[in-house]
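Here the structure comes first, spelled out in structure tokens, and everything after it is commentary.
The values are calculated or read from the model by the stated rules, or taken from the named source; none is laboratory data. What you are looking at is a predicted structure, and each value in this text was computed from that prediction instead of being measured. As a convention, Cβ positions derive from the backbone with ideal geometry for all residues, glycine included, and neighbour counts pool all protein chains shown.
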Amino acid sequence: MLEKLAKQTAIYGISTIVVRFLNYLLTPYYTRIFDQGEYGIITDIYALIPFALVLLSMGMESSYFRFTTRAEEAGGDVAAGKRKVFATTWGITALAAILFFAVVWLLNAPISKAMGADYVAHPEYVTIVAAIVMVDVWTMIPFSRLREQGRAVRFVLLKALSVLLNVGLAIGFGVAGLYSTTFGVGWVLIANLAASVITLIALLPTTNGIVPRIDFPLLRKIFVYSLPLLISGIAGTANEFVDRQMIKYLAPGDDAMEQLGIYGAIVKIAVVMTLFTQMYRLAAEPFFLSSFKKEEFKEANAASMKYFVMASMVIFLGIVLFRDLFALIVGRSFREGIDILPIVLASNVLAGIWFNLSFWYKREEKTKYAAYITFLGLAVTLGLSFLLVPKMGYRGAAWVRLIAEAAMVVWSYILCRRHYPIPYDLKRIGEYVLLSAAIYCASEFAFVGVNATIHTALNGVLFMVAIAYAIWREKIDVRGLIRAVTSKLLRR
């Protein structure tokens, strides 16, 4: 049963890693042509955009998957039912995006003032960001439709188009010397907007002529399901960007934007973990929200959690054991914050675990629990940020994020055990976590004073031991998995 999920994850993963790697090439590029303060603006903006996207998507992506499954279960004209769900979810999100852009355009001056002096000097930044958000929201549901239909290759190709355009334009603007003009960082936003618009145009043919049209009786049913997801999404995404805002407003000294730039650059180094969680999400959400018998769902979710943690621990070790090499991704002036990288990675692992723990209440349409959990995380983030960030700056923000993610995982697990017990293999999961912790500690403390080259070689041995142990423990047929994924890619 998990073979399908593994194949879909691998397909999304291989393609997404290549595509996102191209996008992350902008990190070493930007951190070498912009100073810490200018990169701080980029970090600030790209932390706020996901929040706006979650707000305007209103939980409709998960709703789309759930209600297309309902259309299948209802029988009759399934295709017509799915078209109605698509037109309605696309229609409401498109309308929300248009209204959002109009409000930001009309209130540009006060919004720019609230965001800080850098934006008062360039209020056009705010308008361009609003346009990027609007166009990206327009593409959300069509992209979800491709995932629901299992059209992973088409999905990835269109995402690749967006990234390639963005990267190409961003570097081209740099070569042309545009970043040295007074508009500066604004050219980064122009590149993004152009790429988003062209991607939308390329995506429209996949909608098969369906136009956004809201069926209000259906929308009312969808909102009952999606409203808790919207609330939890807002709180959850707030957890992802509040740390940046706290650095911006609470960091000690007069270099808040510089600290924000360093923090943002180090977070970008954790790209591999972020990519893995993202590719897993793309495959797992439609998989687990499809038709499942209760016991089959529990079995599949328990197994996927184990494998997710196992893979996450391997990725964690692969980055922290060689973090001096990964530090070369960013410019020299940003590397002073490399010590927070293990904390950031651990936070990302916990975020993935929490995502795995969310499927039961989405499946059972008890999405109110999402709001409870994410508001706990937000409360922890806000409370601890006021305590730690003024004292520790961006390092405090990293610890706050880790503690908040841990709190959400613990409460999610408690709710799961109470309302929908799933037989997670805690012994095996704990085994992988403890092994990774032991290897990390051995590298950090047992090899102190060892020659750098020898240290790197020893880390390589430890990393291979971790991989070999996981393969042996789970009896993974690596060759068989590679053959299965390759044959599926070739068929597509």
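Name the one entry in PRO228, PRO252 that is of a type outside the set (Val, Ile, Thr) and outside any helix (DSSP H, G or I).
Being of a type outside the set (Val, Ile, Thr) and outside any helix (DSSP H, G or I) holds for just one of PRO228, PRO252, which is PRO252.
Taking the residues in the range 441-472 that are out of contact with any helix residue (DSSP H, G or I) (no Cβ under 9 Å at 6 or more places or on another chain) and of a type in the set (S, T, N, Q) as candidates, determine which candidate is farthest from ARG323 (Cα to Cα).
For the range 441-472, the residue satisfying everything is ASN451.
Consider PRO217 against the criteria (1) surrounded by 18 or more Cβ atoms within 10 Å (Cβ to Cβ); (2) without any contact (Cβ under 8 Å) to a residue 40 or more places away in the chain: it satisfies all of them except one. Which criterion is unmet?
(1)
Would the range 66-82 turn up any residue that is farther than 21 Å from LYS366 by Cβ, in contact (Cβ under 8 Å) with a residue 24 or more places away in the chain, within 23 Å of the chain's Cα centre (by Cα) and crowded, with 19+ Cβ neighbours inside 10 Å?
Checking the range 66-82: not a single residue is farther than 21 Å from LYS366 by Cβ, in contact (Cβ under 8 Å) with a residue 24 or more places away in the chain, within 23 Å of the chain's Cα centre (by Cα) and crowded, with 19+ Cβ neighbours inside 10 Å.
Scan the range 172-185 residue by residue and report those that are within 20 Å of ALA130 (Cβ to Cβ) and buried (at least 18 other Cβ atoms within 10 Å of the Cβ).
VAL185
Report, by residue number, each residue of the range 101-134 that is at pLDDT below 90 and either in a helix (DSSP H, G or I) or aromatic (Phe, Trp, Tyr) (or both).
Of everything in the range 101-134, those that are at pLDDT below 90 and either in a helix (DSSP H, G or I) or aromatic (Phe, Trp, Tyr) (or both) turn out to be LYS113, ALA114, MET115, ALA117, ASP118, TYR119, VAL120, ALA121.
Go through the range 391-429 residue by residue and tally those that are assigned to a helix (DSSP H, G or I) and more than 19 Å from VAL344 (Cα to Cα).
Number of matching residues: 13.
Which of the numbered conditions does GLU365 fail, given that it passes all the others? Conditions: (1) assigned to a helix (DSSP H, G or I); (2) touching a residue at least 60 places away in the same chain (Cβ under 8 Å).
(1)
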